[in-house]
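Encoded as structure tokens, the structure appears first; notes follow it.
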Amino acid sequence: MRPLRARIDLGALRANLRAVRRAVPKARLLAVVKANAYGHGLAAVGRALAGVDGLAVACLEEALVLREAGVRAPILLLEGFFDEDEVAPAERHRLSCVVHDPHQIEILERRSSFPALDVWVKVDTGMNRLGFPPEAVPVVLERLAARGAFARHRPVLMTHFAQADRPDGEATRDQIRRFEALASPPGALRSAANSAALLACPEAHYDWVRPGLLLFGVSPFPDRDGTSLGFRPVMSLITETIALRRVAPGDRVGYGGVWRAERPGWIAIAAVGYGDGYPWRVPDGNPVRVGPRLCPLAGRVSMDMIAIDLGTDPVPVGTPVELWGSGLPVEDLARRVGTVPYELLCGIASRVRYEIVGEEPSDVEGLPDADAANETLPCPEAL
Ligand SMILES: Cc1ncc(COP(=O)(O)O)c(C=O)c1O
């Protein structure tokens, strides 16, 4: 079997969940697990997030993966339904929907009765991506209320920050000001904070926080890594050496011959490449961990392989190689490649095997039950 695997440490995931809980003791926690749980494997992650108040995904298909995995917790569709055909399955699977655009209200108004769906109204406070402008919100709420949307559920107003990871925080303060100036109906709940705002803006915790990246132990701030913030990386991308070869001074290695040996030495070939989500853009010289030591890449990343400069110390075929993980922060690699850790994690290819560690047999039993929660995301009454 090809030795490459994404090792997913569910013990670390649960520890991160507890750390988030400690940071936001009063707000409800909606774990964002879209894009295959940021590449970590949606079913396993969803089942392991026992104790979370709800889960959020991008679309119906992702929600159905969670339901099929036995997850009965409330699930929010962050982009709501894309067309009319999705309303009935969303209702059947007891999903909650973000409403962010007039066409979604029109779809709901065309139905003979309002579906048993909890709706979250998205407000655009400055990101200019999804959501109603603040001045439109009263009419949106009125139209939804007229159809009975809030007969069983309290309205939830949500917004999303564009720059919560920035140290100056000016743009986020502006968005908070616009969000707080909204004339929201009595009893309405609010939600704004992603991972960065959860840590940097306690004033924006409101009723629900929505962390994603942080739960996976990765920092949302460009100049920090998750460990320095007290979180544990959940994913390690690990492979093994599959060949060893000697090089003589002047020998070139790999496509383009960009790496050239200056002295006699050893090159290890390891089974991982851009076909697995380890980007072609990773530069020559980038460190990987071979057994206990850090060694530089020798030349370009191929589709299925990398070459590693071992210097004068060879290692046996079958030696473990870590590309990122607890000993090698994915945040550092993202900086070197000129991307964000989100992209590296989400970019794990479908052929990569998952090795799940730290699983607890009773995970699913521990999840809150959507039925028990009145078929919707539970309201934090005590807040
Ligand atoms: C609406 C919304 N809320 C919350 C999140 C979670 O963000 P993060 O992973 O930075 O915590 C996302 C992710 O993109 C999002 O789109």
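Taken together, the values in this text are just the output of simple stated rules run on the coordinates, not laboratory data. These numbers were taken from a predicted model, which means no experiment stands behind them. Note that we place each Cβ from the backbone using ideal geometry, even for glycine, and neighbour counts take in every protein chain shown.
Each residue, residue 335 and residue 110, gets one label point 7 Å from its Cα in the Cβ direction; the gap between the two is 5.1 nm.
For region 133-150, putting each phi into the Karplus relation 6.51 cos²θ - 1.76 cosθ + 1.60 with θ = phi - 60° gives couplings of x, x, 5, 8, 4, x, 5, 4, 5, 4, 5, 5, 5, 4, 8, x, 4, 10 Hz, in residue order, rounded to whole numbers and with x for Gly and Pro. With θ taken as phi - 60° and the Karplus curve 6.51 cos²θ - 1.76 cosθ + 1.60 applied, the whole-hertz 3J(HN,Hα) list for region 51-62 is x, 7, 7, x, 10, 10, 10, 8, 7, 4, 4, 5 Hz, x standing for glycine and proline.
Here the label points at residue 359 and residue 128, each 7 Å from Cα along the C-beta direction, are separated by 4.7 nm in the simple model.
Going from the residue with the fewest nearby Cβ atoms within 10 Å to the one with the most, 342, 278, 38 rank 342, 38, 278.
Estimated at 0.36 nm per residue, the fully extended path between residue 181 and residue 346 surpasses their Cα-Cα distance by 55.8 nm.
Order these peptides, 167-176, 89-98, by their mean beta-carbon neighbour count within 10 angstrom, highest first.
Put in order of decreasing packing, that is 89-98, 167-176.
Full extension of the segment from residue 170 to residue 26, taken as 0.36 nm per residue of separation minus the current Cα-Cα distance, would add 49.3 nm. For residue 356, the residues whose modelled amide H falls within less than 5 Å of its own, excluding neighbours fewer than 5 places apart on the same chain, are 8. Here the dipole of the chain is about 820 debye; that uses its Cα centre as origin and unit charges on the Cβ of Lys and Arg (positive) and Asp and Glu (negative).
Charge dipole of region 205-258 (Cα centre as origin; +1 on each Lys and Arg Cβ, -1 on each Asp and Glu Cβ, all else neutral): 220 debye, rounded to the nearest 20.
Suppose R0 equals 30 Å; then what is the FRET efficiency for residue 248 and residue 293 from their Cβ-Cβ distance, rounded to the nearest 0.05?
Values: r = 23 Å, r/R0 = 0.76.
Computed FRET efficiency for residue 248 and residue 293 comes out at 0.85.
Treating each Cα of the chain as an identical point scatterer and ignoring solvent, apply the Debye formula and state log10 I(q)/I(0) at q = 0.10, 0.12 Å⁻¹. Log10 I(q)/I(0), no solvent term: -0.69, -0.91.
For residue 32, the residues 5 or more places off, or on other chains, whose built amide H falls under 5 Å of its own are 56, 212.
Restricting to the chain, compute how many DSSP beta bridges are antiparallel as a %, nearest 5.
Working: 29 of 57 bridges.
Antiparallel bridges: around 50 percent, rounded to the nearest 5.
Scoring 101-108, 330-337, 254-261 by mean Cβ neighbours within 10 Å over their residues and listing the highest first yields 330-337, 101-108, 254-261. Counting other Cβ atoms within 10 Å as a rough exposure proxy, the listed residues 26, 122, 34 run 26, 34, 122 from fewest neighbours to most. Under the simplified labelling scheme, the residue 227-residue 85 pair shows an inter-label distance of 4.8 nm, with each label point 7 Å from Cα along Cα→Cβ.
Shown for 85, 9, 309: other C-beta atoms within 10 Å of each C-beta, ranked fewest to most, produce the order 85, 309, 9. Sequence-ordered 3J(HN,Hα) estimates for region 261-268 from the Karplus curve with 6.51, -1.76 and 1.60 and θ = phi - 60° stand at 5, 9, 9, x, x, 10, 10, 9 Hz, glycine and proline given as x. Classified by the C-alpha gyration tensor, region 10-217 has an oblate form. Its axis ratio a/c, with a ≥ b ≥ c, is 1.5 or above, and a/b does not exceed b/c. Between residue 258 and residue 143, full extension at 0.36 nm per residue minus the direct alpha carbon distance yields a gain of 35.1 nm.
A dipole drawn for the chain from +1 and -1 charges on Cβ atoms has a positive end, and of 297, 58, 15 the residue lying farthest that way is 297.
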